[in-house]
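The structure under discussion appears below in the form of structure tokens.
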Amino acid sequence: MGVEPFLLASTLALAVAQRLVRRICLSCRESAAPEASILESLRARPDFDQTIRVLQSEGVLGQAGDSLSSIRLFHGSGCVQCHGSGFRGRTAVFELFEIDDRIRAMIMERRDASSIRAEVIGRGMKTMFQDGLAKALLGETTLEEVFRVAL
Ligand SMILES: [Zn+2]
């Protein structure tokens, strides 16, 4: 950003990233079992195991062996309230981490953003995708919306 590292390291307390996703219309929301291809693409993710652990620890997913087998996803079928779109309004998916001494040191060393992000993910930070998947499982948005904004 062209800012001296010591200025960032000494003034930042928290780093936050967020994206907006469309919120499913509550007047026409329906749940359905996800398609097999969606489950496959989730299982193929390199962060799959950690994602399951995060969602289980939040109580969004059950603790059962194959916790994905019985999940429900949601969509809006379209109604007068949402002008047939199935969506009304927006909600945010986000990730955040505290700037502690280790992160402060990485900033001073001019480490790039992806190494810093890898460091905080390794410590268990919930990623934007995991936050979005939780919101999809809770019926707030669709998994397609989450895939659109979060890798
Ligand atoms: Zn609707």
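Return the only residue of GLY122, GLY132, GLY62 being open to solvent by less than 80 Å² (accessible area, probe 1.4 Å) and out of contact with any helix residue (DSSP H, G or I) (no Cβ under 8 Å at 6 or more places or on another chain).
Details: GLY132 fails: out of contact with any helix residue (DSSP H, G or I) (no Cβ under 8 Å at 6 or more places or on another chain); GLY62 fails: out of contact with any helix residue (DSSP H, G or I) (no Cβ under 8 Å at 6 or more places or on another chain).
One residue alone meets the criteria, GLY122.
Report yes if ALA9 is over 20 Å from the mean Cα position of the chain (by Cα) and either within 16 Å of the ligand (Cβ to nearest atom) or surrounded by 15 or more Cβ atoms within 10 Å (Cβ to Cβ) (or both), otherwise no.
Values: over 20 Å from the mean Cα position of the chain (by Cα): yes; either within 16 Å of the ligand (Cβ to nearest atom) or surrounded by 15 or more Cβ atoms within 10 Å (Cβ to Cβ) (or both): yes.
Spelling it out, ALA9 is indeed over 20 Å from the mean Cα position of the chain (by Cα) and either within 16 Å of the ligand (Cβ to nearest atom) or surrounded by 15 or more Cβ atoms within 10 Å (Cβ to Cβ) (or both).
Would you point out the residue of the range 65-105, among those that are at positive phi and open to solvent by less than 80 Å² (accessible area, probe 1.4 Å), that is farthest from the ligand (Cβ to nearest atom)?
GLY89
Give me the pairs, please: first residue somewhere in the range 65-86 and in contact (Cβ under 8 Å) with a residue 40 or more places away in the chain and under 11 Å from SER27 (Cβ atoms), second residue anywhere and open to solvent by 80 Å² or more (accessible area, probe 1.4 Å) and near the ligand (Cβ under 7 Å from one of its atoms), beta-carbon distance under 9 Å, and either six or more positions apart or on two chains.
These pairs meet every condition: GLY76/ARG88; GLN81/ARG88; CYS82/ARG88.
What are the residues in the range 109-136 that are within 11 Å of the chain's Cα centre (by Cα) and part of a helix (DSSP H, G or I), if any?
Listed by number, the residues that qualify are MET128, PHE129, GLN130, ASP131, GLY132, LEU133, ALA134, LYS135, ALA136.
Out of ARG117, ARG148, ARG104, which single residue is in contact with a helix residue (DSSP H, G or I) (Cβ under 9 Å, 6 or more places away or on another chain) and modelled with pLDDT under 95? So that I can check it myself, show each step before the final result.
Numbers: ARG117 fails: in contact with a helix residue (DSSP H, G or I) (Cβ under 9 Å, 6 or more places away or on another chain); ARG148 fails: in contact with a helix residue (DSSP H, G or I) (Cβ under 9 Å, 6 or more places away or on another chain).
Only one candidate qualifies: ARG104.
The values are calculated or read from the model by the stated rules, or taken from the named source; none is laboratory data. Worth saying up front: this structure is predicted, and the values here are computed from it rather than measured. FYI the Cβ positions are ideal-geometry reconstructions off the backbone, even for glycines, and counts take in every protein chain you see. The area values use the complete protein model at the heavy-atom level, side chains included, leaving out ligands, DNA and RNA. Shrake-Rupley method; radii C 1.70, N 1.55, O 1.52, S 1.80 Å.
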